[in-house]
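Undergrad: Encoded as structure tokens, here's the structure I'll be asking about.
The values are calculated or read from the model by the stated rules, or taken from the named source; none is laboratory data. None of these values were measured; they are calculated from a predicted model. All Cβ positions, even for glycine, are placed from backbone atoms using ideal geometry, and neighbour counts span all protein chains on display. Accessible surface areas use protein heavy atoms only, side chains included; no ligands, DNA or RNA. Shrake-Rupley method; radii C 1.70, N 1.55, O 1.52, S 1.80 Å.
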Amino acid sequence: WKEHKHFCMPLTDAVDDSIEKLRPLLKNKNRIDDKELHCMFCLEGGTSEDPLFHSGCGCRPDSGMSIGHIKCFQEFARASFADEKKREDSADCGVNKCSNCSRQRFGIIPFEMNLILWKLYDPDCLTRKNVQGIDNKRAFFMRNSLLCLDYALSEIDLDSAHNDLILYCRLRILYLTKNVRKQIQLNECIRIQQEIQEDVDIGKILIGIKKYQAAIDFNRRNYEKLLLNITRYPRLKQKSHHVVYNYARSLFEAFQASLQKSDVGNDPPYHYLEEAERLMREEILANRDNIGMYVDNTLLLCCILKCQRKFAEANQ
């Protein structure tokens with residue numbers, strides 16, 4: 001009960017607790033102590049009280065395009081939010097991607113920038129009693145606020161003892177995001193696209209908290225939704241990798257978990273592996289041109305093949 005109560009605390013408290021636990025973990029990474037380097041914004045060096053951090057992108061620290069003080073990157077987030085075009089282009093106003101190398105930032109820098117955006121969009125997004133009937137602009141800002149908060153908490157430290165707390169917190173934020181999105185007037189294609197992405201994120205979290213049967217059911221429904229709409233809306237193909245990978249991974253993880261239960265008469269669900277293998281083989285053929293997707297798909301397929309004792313195929 002104590003553990004359950006911890007996960008079900010009021011959402012505002014859960015968010016504050018998650019931020020408090022995550023911030024010091026992230027601050028231990030990507031810190032720059034080289035006295036010769038300086039902030040890309042103010043051109044000052046780092047100090048023990050105000051150190052420099054690498055933004056987590058692909059740029060080298062000495063490139064002059066990737067390191068800075070947290071407060072300077074926070075000001076950059078505020079300036080990006082003030083740019084109406086950046087707000088229209090993406091919920092994160094473009095701050096999560098490096099403009100120099102085009103790689104995603106990760107670590108303490110995007111964590112702090114997204115927390116700034118969360119408050120700028122809608123500081124009361126977690127405490128509204130009822131989202132029914134709010135106007136389109138307010139719903140849009142509230143949804144973006146929740147997305148930025150989720151982006152921040154997705155910088156989770158995988159070695160942390162607080163993983164489950166943060167994942168449950170994110171799960172509640174994402175379900176609130178879904179409710180808010182329903183208040184926004186969108187064309188059918190964009191609505192389905194956003195719905196599928198929300199469900200991709202929820203499906204990943206269900207796997208992360210080891211709710212494997214729920215993850216299978218949830219990810220299967222998302223996969224079926226994709227198949228139902230992809231012919232009518234070809235742009236949904238860009239979501240295909242994440243949807244299929246989630247579904248296959250939930251099947252694989254459920255099989256792995258079943259091996260830990262060695263009760264007599266409980267055979268492992270090998271049909272999960274057969275379905276996961278089919279999904280991954282099709283996905284690999286569909287995404288050979290994207291090296292990142294190809295690597296992810298191939299690694300998961302190899303794990304599936306090894307569980308089926310198809311070692312020669314896995315090796316190949």
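Undergrad: Output the qualifying pairs, or none if there are none: Cβ atoms under 7 angstrom, residues six or more apart or on different chains, first residue in segment 199-228 and under 19 Å from Asn179 (Cβ atoms), second residue β-branched (Val, Ile, Thr).
TA: Val200/Val243; Phe218/Ile202; Asn222/Ile196; Asn222/Val200; Asn222/Val243; Lys225/Ile196
Undergrad: While we're looking at this one, here's another question. In segment 95-106, is there at least one residue being aromatic (Phe, Trp, Tyr) and over 24 Å from Lys27 (Cβ atoms)?
TA: no
Undergrad: May I pose another question? Looking only at segment 240-293, filter to residues that are within 17 Å of Arg309 (Cβ to Cβ) and among the polar types (S, T, N, Q); which one of those is farthest from the chain's Cα centre (by Cα)?
TA: Among residues in segment 240-293 that are within 17 Å of Arg309 (Cβ to Cβ) and among the polar types (S, T, N, Q), the one farthest from the chain's Cα centre (by Cα) is Ser258.
Undergrad: Which one is surrounded by the most Cβ atoms within 10 Å (Cβ to Cβ), of the residues in segment 122-176 that are of a type in the set (Val, Ile, Thr) and part of a helix (DSSP H, G or I)?
TA: Checking each candidate, the answer is Ile166.
Undergrad: Out of (1) open to solvent by less than 70 Å² (accessible area, probe 1.4 Å); (2) at pLDDT 95 or above, what's the single condition that is false for Arg78?
TA: Of the numbered conditions (1) open to solvent by less than 70 Å² (accessible area, probe 1.4 Å); (2) at pLDDT 95 or above, the odd one out for Arg78 is (1).
Undergrad: Look at segment 294-310 and say how many of its residues are open to solvent by 70 Å² or more (accessible area, probe 1.4 Å), among the charged types (D, E, K, R) and in a helix (DSSP H, G or I).
TA: Final tally of qualifying residues: 1.
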